[in-house]
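Presented below is the structure to which this report refers.
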Amino acid sequence: MTEQRPESELVAEGVDRHDWGPTEDDEEAILRALYGPPDADGVYRGEGTP
């Protein structure tokens, strides 16, 4: 019988982890540069996107 592991463990294996820490700040800066500020829902939609 094969080992049953939680889905969260399987997903975590595929996540890039960097020694210098999380990249969320960089990701937000890139999203803002590409699409502008997020809307009221927190989504970076960009101009002209419905």
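Every number here is computed from the coordinates shown, using simple stated rules; none is lab data. No experiment lies behind these values; they were computed from the predicted model shown. All Cβ positions, even for glycine, are placed from backbone atoms using ideal geometry, and neighbour counts span all protein chains on display.
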Tell me which residues come under 5 Å, amide H to amide H, from residue 45 once H is placed; ignore anything under 5 positions away on its chain. 39
The summed charge of the residue 42 Cβ neighbourhood (under 15 Å; Lys/Arg +1, Asp/Glu -1) stands at -3
